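What follows is a single structure, written as structure tokens, with notes after it.
Where a number appears in this text, it was derived from the coordinates with a stated rule and is not lab data. Since we're looking at a predicted model, the values are computed, not measured. Cβ atoms come from the backbone with ideal geometry, glycine included; neighbour counts cover every protein chain shown.
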Amino acid sequence: MSGASVYVRLANCGMRPWASAPALDRLLMHASAPATSTDWRRDAFGVIAGAAAVPPVAAAALLAADGGALGPWVCMASPVHLVAGMSNVTLDPGGVLTLDDGEAAALATDFNRVFADAGVQLVVGRAAVLLCVFDRVLRVSTHEPADVVGRDVFECQPLGADASPLRRVMSEMELWLFEHAVNRARAARGRAVITGLWLWGGGEALPALPEVQGFTSGTDPLFAAYGNAAELPGSAALGAGVLVCDVPPGAATWGEIEQRWLTPLSLALGSGALERLTVSVQQRLVHVERGSTWRFWRRPKPWWQSLGLTGDES
């Protein structure tokens, strides 16, 4: 299909050493020089939605989970494990946690019992993500957890006219989670305990999602609201798409991503069914164009070098 474009977002790969991913290395040996991207979701959404405005992450996730508005403003509530040092508190690369369905349901039920009169409630979204719904619109800016990794969390607190209520809720959540039954069970299984819920990605509730043309895959809360394709559509109907990889390159299950997605995408580029493939990670972005394989003199190099991750990125 002429003009077909796919955007691939690699999972946070801040934890070193970076692992080898041969198929990704070969794919990126034909890539453009790396560029800087300050908002990967905006870039990716443009591939499937054109000039349509990107909906707030949490608003899209709430609409997909509930089908209606439970309150006028909602944000993501991501479980994190923060580490206290001598002079600061940081979020390590492994500190952004995932919940299973039972844990998410237990936390939401208990939070809504304890904070019944606080004007805020927890809702379970798709893939066991938690959403924090407020009874009034908040004017606030936040940081995504992935952007906080390795930084002092006090430098990344919510800002804006209504930042105080959000900060207060986050502090109260920390006290509520201390010695919580869900944490005791996680500790007994050798899993990291949840020290807080990181609030981010907020916005006003939506009556409907903006229309898109193309497939989406992965558990990112924005794009998962549009579905989670299990494999690349056939080349005749490839069109546009966004693939958000749920594990970093070289992880134990990375081979499945290479087999199911990267190899077919490489073949689609070679056959002309795909016009452009965009790959991003952190704030780096490269493009692989149809016909770029004529650069036969290029040799594969580690994927992180192709993406420009050779400095102090974490």
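Just one of (i) 19.4; (ii) 21.1; (iii) 16.7 is mean projected area of the Cα convex hull in nm² calculated from these coordinates, so which is it?
(iii)
At 7 Å along the Cα-to-beta-carbon direction for both Asp100 and Asp66, put a label point, then send me their distance in nm to one decimal.
With each label point 7 Å from Cα toward Cβ, the separation is 2.7 nm.
To test your reading of the geometry: what angle, between 0 and 90 degrees and rounded to tens, separates the Cα axis of helix 163-177 from the longest principal axis of the chain?
Long axis of 163-177 versus the principal axis of the chain: about 80 degrees.
Based on DSSP H runs of at least 4 residues, each adding -39500 (n - 2.57), what is the mean residue ellipticity at 222 nm of the chain after dividing by all its residues, to the nearest 500 deg cm²/dmol?
-7500 deg cm²/dmol
In whole angstrom, and with the biggest value first, how far do the Cα coordinates of region 102-171 range along each principal axis?
Taking the Cα atoms of region 102-171, the three principal extents are 31, 26, 19 Å.
Below 8 Å, C-alpha to C-alpha, sequence gap of six or more: please give me the relative contact order for region 59-204 in percent. Provide the component values of the computation, followed by the final result.
Working: 260 pairs, mean separation 49.5, N = 146.
Relative contact order here is 34 percent.
How far apart, in nm, are the 7 Å Cα→Cβ label points at Ala187 and Gln157?
Using points 7 Å along Cα→Cβ, the separation is 2.6 nm.
With r defined as the distance between the Cβ atoms of Arg299 and Arg167 and R0 fixed at 41 Å, what FRET efficiency is calculated, to the nearest 0.05?
Working from the Cβ atoms, E equals 0.20.
What ranking, highest mean first, results for peptides 264-276, 77-89, 51-63 when packing means the other Cβ atoms within 10 Å averaged over each residue?
Result, highest mean Cβ count within 10 Å first: 51-63, 264-276, 77-89.
How far apart, in nanometres, would the label points at Ser87 and Phe178 be if each is projected 7 angstrom from Cα along the Cα-to-Cβ direction?
A separation of 2.5 nm, rounded to one decimal place.
Could you tell me what percent of the DSSP beta bridges with both partners in the chain are antiparallel, to the nearest 5?
That works out to approximately 70 percent antiparallel.
Kirkwood Rh over alpha-carbon pairs of region 59-204, then Stokes-Einstein at 25 °C and 0.890 mPa s: what D in µm² s⁻¹, rounded to an integer?
D, rounded to a whole number, is 159 µm²/s.
What is the angle, in °, between the Cα long axis of helix 57-66 and the longest principal axis of the Cα atoms in the chain? Nearest 10 is fine, range 0 to 90.
The angle comes out near 80 degrees.
Return one number: the angle in degrees, 0 to 90 and rounded to the nearest 10, between the long axis of the Cα atoms of helix 40-49 and the longest principal axis of the Cα atoms of the chain.
70
When only C-alpha pairs under 8 Å and at least 6 residues apart count, what is the relative contact order of the chain, in percent?
Relative contact order comes out at 35 percent.
Take the chain, connect every pair of alpha-carbon atoms lying under 10 Å apart with a spring to form a Gaussian network, then pick out the residue of Ala127, Ala252, Ala106 with the largest mean-square fluctuation.
Ala252
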